[in-house]
Amino acid sequence: MFCVALGKQSDIKMDLYEAAHEFGEVGAGLTMWYRTWQIMEKLGLHKDLEALADGKGAAEVVLHFRKSDQPEGLYFHHMKPEGGMWAFHRASFQKTIINHLPPSCTSHLSKRLVSYDDSASGPIKLHFTDGTTAECDVLIGADGIKSAVRGIMSLNLANKGNLAKGEATRPNPVWSGTVAYRGLIPKERLGAKVPGHRMLTQDVGMTLYCGKNKHLIVYPVNNGALINIAAYCSDFSKAGTQYSQDSKDWVADVPMEELLQKYEGWEPEVTALLECLDKPTKWAVNMVLPPSTFVLGRVAIIGDSAHAMTPHLGAGAGQAIEDAYVLAALLASPACTPASLPHVLQIYDTVRRPRAIDVWRRSRANGMIYEFAGAGSKHVGVRNDGVSGETLAKMAEELEENYDWAWKTLAETDREEALLILSMLRAKL
């Protein structure tokens, strides 16, 4: 996404290094709120993305919240996002972005970074697992939650004595205490099983089925042809630990019996959804603890590399896009010169890090609210069988507060702020 954003504004030469032997995306659904969609319009991507939804505009969805860990569920809140919501299959979205890579960007596949050297003068030198090297003037790490760039940056910060207390243990992702059972359901399959299921109605939007230490989020993707489902189970006492040292264990196929047992006693429509999954997979929901900086010298990290978060706001992809949008604007500015690159990257950090970390915290809080375990909130310790109407109302109020930034604020404001700081810096240099 960064290469697309920068290519729309300049002809700066870019090299994109991808560890895999081909471009591909793992995962199911991706949601986009109004704040992020405005960036898609600014970059001219919106028409192609609209085509993924057969030319239709953003769905005027309603987020429905149900208490479902009982034989007869009940609604406790409805939320209508301003500007609607876009929902895409991740692979389809990625293909669209790749189609917009500019001529100034050269892609290199099967290139996994091992280390880099950022000297005080001269180019940054990159070292790859295949023994090859490359050079660049600025390095942008968009290499995901297991980011090699973040790890090297953290080590360099430690060597310089610039890490905050306790941060030396933060280069690696940690477990949130939650696992997600994920999959896609063909609409026809659910219709054959339960013809009247609420997820088959056109105005259903997104439904969150909530319960003690568990919740599901369900919504249609690809113009309603598929239903995306993510069923979460949590042990919040294990947040911050390691799920497994081997990242290959983070995703695993599981038997249907395991999933159904987790939601035993929940309302029948939840059971029906789970029974429609062919081959459920279990994903460890990992995250990156907020670092003290996103930059060091002429190196910056963006997206999951910088702030991988829980998915409970549907904002992880949006935050990565905002990082790319703001950083690209700074680097494309005439005020950005080779000599000023470290200062320019610091502006990116000044503007984007507080925003991204705020969303990181909101997302984490939402996941706990969904599961009646909101840390630091008014409903800590609520028992599964003792959730009062007053408590549910307070939960709804907190959810509104955590969500509404996504359609009541603008990413363009952050971009303008960053460019203003850059212009002030230029006047001083």
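Please verify whether segment 21-33 includes one or more residues that are among the hydroxyl-bearing types (Ser, Thr, Tyr), under 23 Å from residue 222 (Cα atoms), assigned to a strand (DSSP E or B) and modelled with pLDDT under 90.
Taking every residue of segment 21-33 in turn, at least one turns out to be among the hydroxyl-bearing types (Ser, Thr, Tyr), under 23 Å from residue 222 (Cα atoms), assigned to a strand (DSSP E or B) and modelled with pLDDT under 90.
When the residues of segment 270-300 are narrowed to those that are of a type in the set (Val, Ile, Thr) and not in a strand (DSSP E or B), which ends up surrounded by the fewest Cβ atoms within 10 Å (Cβ to Cβ)?
271
Tell me, please, whether a residue that is modelled with pLDDT of 85 or more, under 20 Å from residue 107 (Cα atoms) and surrounded by fewer than 12 Cβ atoms within 10 Å (Cβ to Cβ) can be found in segment 1-18.
Checking segment 1-18: at least one residue is modelled with pLDDT of 85 or more, under 20 Å from residue 107 (Cα atoms) and surrounded by fewer than 12 Cβ atoms within 10 Å (Cβ to Cβ).
Working carefully through the options 258, 264, find the one that is outside any loop (DSSP other than H, G, I, E, B) and surrounded by fewer than 18 Cβ atoms within 10 Å (Cβ to Cβ).
The conditions single out 258.
Might you check whether a residue that is at pLDDT 95 or above, assigned by the TED database to the domain that holds residue 415, in contact with a His (Cβ under 8 Å, 6 or more places away or on another chain) and surrounded by fewer than 18 Cβ atoms within 10 Å (Cβ to Cβ) occurs anywhere in segment 42-60?
The answer is no; no qualifying residue exists.
Looking only at segment 107-134, which residues are among the β-branched types (Val, Ile, Thr) and open to solvent by 60 Å² or more (accessible area, probe 1.4 Å)?
Answer for segment 107-134, where residues must be among the β-branched types (Val, Ile, Thr) and open to solvent by 60 Å² or more (accessible area, probe 1.4 Å): 114, 129, 133.
Among 223, 228, which is the only one that is open to solvent by less than 50 Å² (accessible area, probe 1.4 Å), among the polar types (S, T, N, Q) and either under 24 Å from the mean Cα position of the chain (by Cα) or farther than 28 Å from residue 365 by Cβ (or both)? Full working, then the answer.
Values: 223 fails: open to solvent by less than 50 Å² (accessible area, probe 1.4 Å).
The match here is 228.
Run residue 317 past the list (1) out of contact with any strand residue (DSSP E or B) (no Cβ under 6 Å at 6 or more places or on another chain); (2) assigned to a helix (DSSP H, G or I); (3) open to solvent by 20 Å² or more (accessible area, probe 1.4 Å) and report the number of the one that doesn't hold.
Only one criterion is unmet by residue 317, namely (1).
When you look at residue 326, is it of a type in the set (Val, Ile, Thr), in a helix (DSSP H, G or I) and either under 29 Å from residue 161 (Cβ atoms) or open to solvent by 10 Å² or more (accessible area, probe 1.4 Å) (or both), yes or no?
In short, yes.
Return the residue satisfying two criteria in turn: it lies in segment 135-146 and is in contact with a strand residue (DSSP E or B) (Cβ under 6 Å, 6 or more places away or on another chain) and surrounded by fewer than 19 Cβ atoms within 10 Å (Cβ to Cβ), and of such residues it is nearest to residue 325 (Cα to Cα).
Only one residue fits best here, namely 136.
Looking at (1) closer than 18 Å to residue 3 by Cβ; (2) modelled with pLDDT under 90, which is the only condition residue 83 fails?
For residue 83, the failing item is (1).
Which of the residues belonging to segment 78-105 are within 16 Å of residue 184 (Cβ to Cβ) and either in a strand (DSSP E or B) or in contact with a Ser or Thr (Cβ under 9 Å, 6 or more places away or on another chain) (or both)?
Within segment 78-105, 87, 88, 89 qualify.
Take residue 180 and tell me if it is modelled with pLDDT of 95 or more and surrounded by 18 or more Cβ atoms within 10 Å (Cβ to Cβ).
yes
List the residue pairs whose Cβ atoms are under 7 Å apart, where the first residue sits in segment 112-136 and is over 19 Å from residue 13 (Cα atoms) and touching a residue at least 40 places away in the same chain (Cβ under 8 Å), the second is among the hydrophobic types (A, V, I, L, M, F, W, C) and open to solvent by 70 Å² or more (accessible area, probe 1.4 Å), and the two are 6 or more positions apart or on different chains.
Close Cβ pairs (under 7 Å, with a partner that is among the hydrophobic types (A, V, I, L, M, F, W, C) and open to solvent by 70 Å² or more (accessible area, probe 1.4 Å)) amount to 128/114.
Output the number of residues of segment 61-94 satisfying the condition of being out of contact with any Leu (no Cβ under 8 Å at 6 or more places or on another chain), without any contact (Cβ under 8 Å) to a residue 60 or more places away in the chain and of a type in the set (D, E, K, R). Break it down stepwise before answering.
Taking segment 61-94 first, the residues out of contact with any Leu (no Cβ under 8 Å at 6 or more places or on another chain) are 61-62, 69-75, 82-85, 91, 94.
With without any contact (Cβ under 8 Å) to a residue 60 or more places away in the chain added as a condition, the list becomes 74-75, 84.
Filter once more, so that each one left must be of a type in the set (D, E, K, R): none.
Residues meeting the conditions: 0.
Take residue 340 and tell me if it is open to solvent by less than 10 Å² (accessible area, probe 1.4 Å), at pLDDT below 95 and either part of a helix (DSSP H, G or I) or not assigned by the TED database to the domain that holds residue 10 (or both).
So residue 340 fits the description; yes.
The values are calculated or read from the model by the stated rules, or taken from the named source; none is laboratory data. Everything numeric in this text was worked out from a predicted model, so none of it was measured. Glycine also receives a Cβ, built like all others from the backbone with ideal geometry; neighbour counts cover every protein chain displayed. Heavy atoms of the whole protein, side chains included, go into the accessibility calculation; ligands, DNA and RNA do not. Shrake-Rupley method; radii C 1.70, N 1.55, O 1.52, S 1.80 Å.
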